[in-house]
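One structure is given below, encoded as structure tokens.
The values are calculated or read from the model by the stated rules, or taken from the named source; none is laboratory data. Only a predicted model underlies this, so the values are computations on that prediction, with no experimental measurement involved. Neighbour counts run over all protein chains shown; Cβ positions are idealised from the backbone, glycine included. Heads up: the accessible areas ignore ligands, DNA and RNA and are worked out on the full protein's heavy atoms, side chains in. Shrake-Rupley method; radii C 1.70, N 1.55, O 1.52, S 1.80 Å.
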Amino acid sequence: MLKILPHPSATAPGARAALLENPGFGKVFTDHMVTIQWTAELGWHDARVRAREAFSLDPAAAVLHYAQEIFEGMKAYRTRDGGVALFRPLENARRFARSAQRMAMPVLPDEMFLQAVEALVDIDADWIPGGEGSLYLRPFMFASEAFLGVRPAAEYTFCVIACPVGAYFKGGSTAVTVWVSDDYSRAAAGGTGDAKCGGNYAASLLAQAEAVRHGCDQVVFLDAVEHRWIEELGGMNIFFVMDDDVLVTPPLGGTILPGITRDSIIALARDAGLTVQEAPYAFDQWRADAASGRLREVFACGTAAVVAAVGKVRHTGGEFVIGSGADGAITERLRAQLTGIQRGERADPQGWRHPVSSKA
Ligand SMILES: *Cc1c(COP(=O)(O)O)cnc(C)c1O
């Protein structure tokens, strides 16, 4: 049972409104969090919605040494009818369970995951920005046992925090420039590339810093074996739009994170009569197709940025532009379709929208 302990001195409405005016991304947090503990002895217990506050963590907590940590990213939207909705949250619950299994962590049942997220959205519903904004939710779990031996920990903490967010990229929805990394790989077969774990991100930061040094917004990773096949960005999947209405996206297969946005885009594109090929796509081919004009658009997608057009590609050998260098027609159409469903402005035949009953 989830115990609800409201914040004794929650942020005043005026101060909250000021924070919501320009929240940025990941800097402003709501008043509450959800925590659930797991021990080998008791299983999941002590589920609470409570004031957001710092953890007290033993310096020997296993996560600080061997990085047993996983997370999810999802959003709550204010819908046109004044309600609040999540988008395919059961998919996040299932992926969280798969990530847990990969990292030898206990599996939180789907219903508990959903209940935790919904309870936080409900109690902090006043923090959901209107307009283009949304409430970004971050469920995560880490090994909290104080123990320095190398084995799966016997104690874990699950937590959900939330931040009101505006647009992910500084420039709003303008096209991004990407850097194709020569020196680094994100994932290899048998590794953790398809688990949403913090360690994957730690390993990608140097490559991302290199991208920024080259004047790019994001890094694109190639496969670890041949260093030839495009995999994904540091935190987003990638799609290529060809001139014959064919969409190509790298196939899942252990080294790519199975994005829920990716899966949704594939379904929406097929519904719209486009052909989607989940097929390997080589960097050389990317360059050749951009030069010949066969490649019309490229976009990256993920919960945080939703759909971001890729306008320019830089690599050690030079750079090239995709199409007009700006948002393409299919990129725009798929983005509008997806955000329209998320925000309750378009029909939702797949039942992806998940209303949250809320006091607000
Ligand atoms: C989270 C994530 C994505 C996008 O997944 P969504 O479910 O669409 O948000 C893509 N790549 C990586 C590496 C990720 O961590």
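Rg/Rh for region 176-342: what does it come to with C-alpha atoms and Rh from Kirkwood? Result for region 176-342 is an Rg/Rh of 0.93. The largest accessible area among L114, L334 belongs to the first residue in L114, L334, and the rest follow in falling order (1.4 Å probe, all chains).
In the chain, taking the dipole from charged Cβ atoms about the Cα centre, the farthest positive-side position among V248, I161, G293 is held by I161.
Relative to its residue count, region 3-165 spans a Cα convex hull of 118 Å³ per residue.
Rounded to two decimals, what is Rg over Rh for region 287-360 when you use alpha-carbon atoms and the Kirkwood radius? Could the numbers behind the result be given before it?
Numbers: Rg = 16.8 Å, Rh = 14.5 Å.
Rounded to two decimals, Rg/Rh equals 1.15.
Of the listed residues I161, I341, the order by accessible area with a 1.4 Å probe, largest first, is I161, I341.
Counting only pairs 8 or more places apart or on different chains, how many lysine pairs in the chain have C-alpha atoms closer than 22 Å? Pairs that pass both the separation and distance tests number 8. Note on the chain: along the principal axes its Cα atoms extend 61, 52, 36 Å, ordered by decreasing extent.
Packing, as the average of other Cβ atoms within 10 Å across residues, places the peptides 236-242, 24-30, 92-98 in the order 236-242, 92-98, 24-30, highest first. Here the Debye sum runs over all C-alpha atoms of region 42-122 as equal scatterers in vacuum, and log10 of I(q)/I(0) at q = 0.13, 0.16, 0.24 Å⁻¹ comes out as -0.54, -0.79, -1.33. Helical runs (DSSP H, four residues minimum) scored at -39500 (n - 2.57) apiece and divided by the length of the chain put the mean residue ellipticity at 222 nm at -8000 deg cm²/dmol. The C-alpha atoms of region 89-189 occupy a region whose extents along the principal axes are 47, 46, 25 Å, arranged from largest to smallest.
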